[in-house]
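What follows is a set of notes on a single structure, which appears directly below.
The values are calculated or read from the model by the stated rules, or taken from the named source; none is laboratory data. The structure displayed is predicted, hence computed values, not measured ones. Here the Cβ positions follow ideal geometry from the backbone for every residue, glycine too, while neighbour counts run over all protein chains shown.
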Amino acid sequence: MKKALITGITGQDGSYLAEFLLEKGYEVHGIKRRASLFNTQRIDHIYEDPHVENMRFKLHYGDLADSSNLTRIIQEIQPDEVYNLAAQSHVAVSFESPEYTADVDAMGTLRILEAIRILGLEKKTRFYQASTSELFGLVQETPQKETTPFYPRSPYAVAKLYAYWITVNYREAYGMYACNGILFNHESPRRGETFVTRKITRGLSNIAQGLESCLYMGNLDALRDWGHAKDYVRMQWLMLQQDFAEDYVIATGKQYSVRQFILWSASELGLVLRFEGVGVDEVAVVDSVEGDKAPFIQPGDVLVRIDPRYFRPTEVESLLGDPSKAKEKLGWVPEITVQEMCAEMVNEDLRIARRHALLKQNGYGVPVSFE
Ligand code: NDP
Ligand code: GDR
């Protein structure tokens, strides 16, 4: 039985990848951080009681900032594959915590590679690094592919640039099977609540159920190439199953604006919106309401306003990936369209909002968003 170690197993991708590898028959180990509240909601459904015999899913306390902890865990497991998904993954937050982001996202990657090397596992353990389209930042070529020059635009992207190159360097210096998946944005109902797609689907669903009154957004002109996380974790595994380690761009090859994602989400709720005004005065107003998904919304309501605090000191305006290499060499094609994904996210957030609305009507507290 193959053994995989996933860092960041409690995150969006970690949870889908763990499900995928369990289905493939792997023994799956994950590193989770100690937190004052439970942080395993995304993986609770696959959790196994450690007292059960032959369990195939095991969590270890750890942190990418702690090299002795990482070395001990890797020594104990002797994994065939390591998927390094852990990161301070929020671009805007990286401007507020640049040093922490560098420590975890850049140095954390080095710590794992060094652990594999020091333990003499460099010929046994295959390594996947969660690289990102943010490396392209201020784009030098459209669409972006494996050979497009990098120009990172945030402390997050700069930290990930180090992680990208240290992965390449360990491959070349020590003959390790180590590769980078340069993944463009991928989302799902399990996406963190403060990334733009989830913020929109959750915010509009909450407004539809009378839990919030308005959604405050940043740059609506930003263009992204959005795919579904389920499609993208399949690719992470495929990259480690080849004869030679190589780096791959994973994207859909289609690009849309944040404004368009708002329109799709609203439409799934039965709402037709129109955008009015320019710059920070732009708003989204309801033109018409159909169906029963949004009982608290009336024509004329303003659902979206701009709040400049969501603007970034340096923005990545436009990303569009060219996944030709992944398609040709690995036979990978995304199966879920961005519109299907948006509908899935809205309907899941609506289900949660309806539950919270019911709790509120009956005098119980509901989670508050501080974003
Ligand atoms: P999430 O933010 O959902 O998950 C991040 C994971 O990393 C969580 O499990 C988090 O733990 C963990 N983590 C954070 N800091 C540490 C630390 N110091 N030590 C150990 N674990 C830590 O990210 P995604 O699942 O969306 O992304 C996975 C990876 O892919 C990330 O590296 C991200 O940068 C990268 N990426 C993501 C893309 C996307 O569109 N989703 C695109 C390209 C790259 P906790 O739950 O405790 O917070
Ligand atoms: P990104 O994702 O920065 O691309 O990084 P995010 O969803 O945060 O932003 C996408 C674009 O939307 C604009 N935007 C807003 N973003 C947020 N979060 N909140 C807002 O209110 C808002 N309004 C507009 C942003 O300015 C940006 O242009 C994600 C992360 O998952 C990274 O870890 C990953 O590496 C990249 O995707 C690929």
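A few notes on this one:
- Per the conditions (1) more than 10 Å from ligand 1 (Cβ to nearest atom); (2) more than 30 Å from L303 (Cα to Cα); (3) in contact (Cβ under 8 Å) with a residue 24 or more places away in the chain, the sole criterion not satisfied by I182 is (1).
- Test set (1) touching a helix residue (DSSP H, G or I) at 6+ places or on another chain (Cβ under 6 Å); (2) surrounded by 23 or more Cβ atoms within 10 Å (Cβ to Cβ) - K230 fails condition number: (2)
- Hits in segment 2-49 - residues which are within 16 Å of T125 (Cβ to Cβ) and in a helix (DSSP H, G or I): L21
- Scanning segment 50-91 for residues that are of a type in the set (S, T, N, Q), more than 16 Å from ligand 2 (Cβ to nearest atom), part of a loop (DSSP other than H, G, I, E, B) and at pLDDT 95 or above yields one hit, Q78.
- Counted residues, segment 155-170 - those being within 15 Å of ligand 2 (Cβ to nearest atom) and hydrophobic (A, V, I, L, M, F, W, C): 5
- All positions within segment 138-162 that are under 19 Å from the mean Cα position of the chain (by Cα), in a loop (DSSP other than H, G, I, E, B) and touching a residue at least 40 places away in the same chain (Cβ under 8 Å): R153, S154
- Test: residue in segment 11-23 that is within 21 Å of the chain's Cα centre (by Cα), of a type in the set (F, W, Y) and away from ligand 1 (no atom under 11 Å from the Cβ): yes
- Take the conditions (1) within 16 Å of ligand 1 (Cβ to nearest atom); (2) not in a strand (DSSP E or B); V249 misses just one of them, which is (2).
- Among residues that are away from ligand 2 (no atom under 13 Å from the Cβ), in contact with a Gly (Cβ under 6 Å, 6 or more places away or on another chain), assigned to a loop (DSSP other than H, G, I, E, B) and more than 30 Å from C179 (Cβ to Cβ), G300 is not included.
- Residue among E187, E193 that alone is within 13 Å of ligand 1 (Cβ to nearest atom) and buried (at least 24 other Cβ atoms within 10 Å of the Cβ): E187
- Taking segment 318-336 as the range and being surrounded by fewer than 15 Cβ atoms within 10 Å (Cβ to Cβ) and in a loop (DSSP other than H, G, I, E, B) as the test, the residues that pass are G331, V333, E335.
- Output for segment 171-188, where each listed residue is away from ligand 2 (no atom under 15 Å from the Cβ) and either in contact with a Pro (Cβ under 8 Å, 6 or more places away or on another chain) or not in a helix (DSSP H, G or I) (or both): G175, M176, Y177, A178, C179
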